[in-house]
Structure formats: C-alpha cells, structure tokens
Amino acid sequence: MAHKKKKKRPKKKFSENDYADVLKEKVPVTAHELLRMIDRINPTGEDIGSEKAFERYKIKTQLQSLLIRRFHESLMVEQPDPENPRVVGFRLGHFDIDACHTLIDELDEDARSWVQRQIDEALIDNPCESTK
C-alpha cells in the first residue's frame, strides 16, 4: 500500500492583534503554539530596523514569560553560554523545539524568579556545574 505524502502546512503569520490577544490571555494557546509564536516574532537574524527589532524582542520576552507562567512544569532551562550566565534558553519537554534565548533580567518578575530558582536548584543538584 502506497503512503500518501503529507502536505506541509504553510507557516501561519501572526498579526500584532494575535500577539496582543495571547498576551492578554484572551485567546487560549497550547505550549506548542506559544513556542511557534515566540519563534516567529524573534527578530534575530532579520534585517529590520532597530526600533522594530526592539519592539519584537519585547514581545518575544513577554511571550516567554507567559510560556513560563502557563507551562513551567514542562519546561527545561538551559544556560548555553558559560561566559554569560544571564542568557537562558527554554526547551519544552518532549519537543525538540526551543523557545529562543533571552536575558533573565528581561523576563517578567515572576518568570525571572522561576528561572533563577531552576538554575539555583540545578547547581545544588550538580555542584560541579558551578565550577565550569
């Protein structure tokens, strides 16, 4: 029996209203949908003006804070650069999708606190990690 090839869905474009509605929690989203939104708004590597990039980084960080608030039980915190421990990334449990990197200090206060707690607990559980 021949298998039908799955058609790839076109990547959904999100409007400013979509981001605003999600951030105001007017529209429910899954963790996976939120990750896609974070990926789409991330201006890294795009040739856009600094003002537009600043605004998009701000929205990205707000979405990341929302991701932490809503789905923290499924998130893993990563510190990809030992030289810059204030940069963190997030990965959703069983998906090979990350939620981009950010500076801890850019997150909302509650999200920042949760991230710092994860880092502190990891250092307690793996004390050799703090000497790397």
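The values are calculated or read from the model by the stated rules, or taken from the named source; none is laboratory data. Bear in mind that the values here come from a model prediction, so they are computed numbers and not experimental data. Positions of Cβ are backbone-derived with ideal geometry, glycine not excepted, and every protein chain shown enters the neighbour counts. SASA here: full protein model, heavy atoms, side chains in, ligands and nucleic acids out. Shrake-Rupley method; radii C 1.70, N 1.55, O 1.52, S 1.80 Å.
For the stretch 27-122, with every protein chain kept in place, what is the accessible area per residue (1.4 Å probe, Å²)?
Values: 5460 Å² over 96 residues.
For the stretch 27-122, the per-residue accessible area is 57 Å².
Residues with beta-carbon under 12 Å from that of Trp114, excluding Trp114: net charge, scoring Lys, Arg +1 and Asp, Glu -1? Each step should come with its number before you reach the end.
On the way: positive: Arg69, Arg70, Arg112, Arg117; negative: Glu73, Asp108, Glu109, Asp110, Asp120, Glu121.
So the environment of Trp114 carries a net charge of -2.
List the relative contact order of the stretch 16-79 as a percent without decimals, with contacts defined as Cα pairs under 8 Å and 6+ residues apart. Provide the component values of the computation, followed by the final result.
Working: 28 pairs, mean separation 22.4, N = 64.
For the stretch 16-79, the relative contact order is 35 percent.
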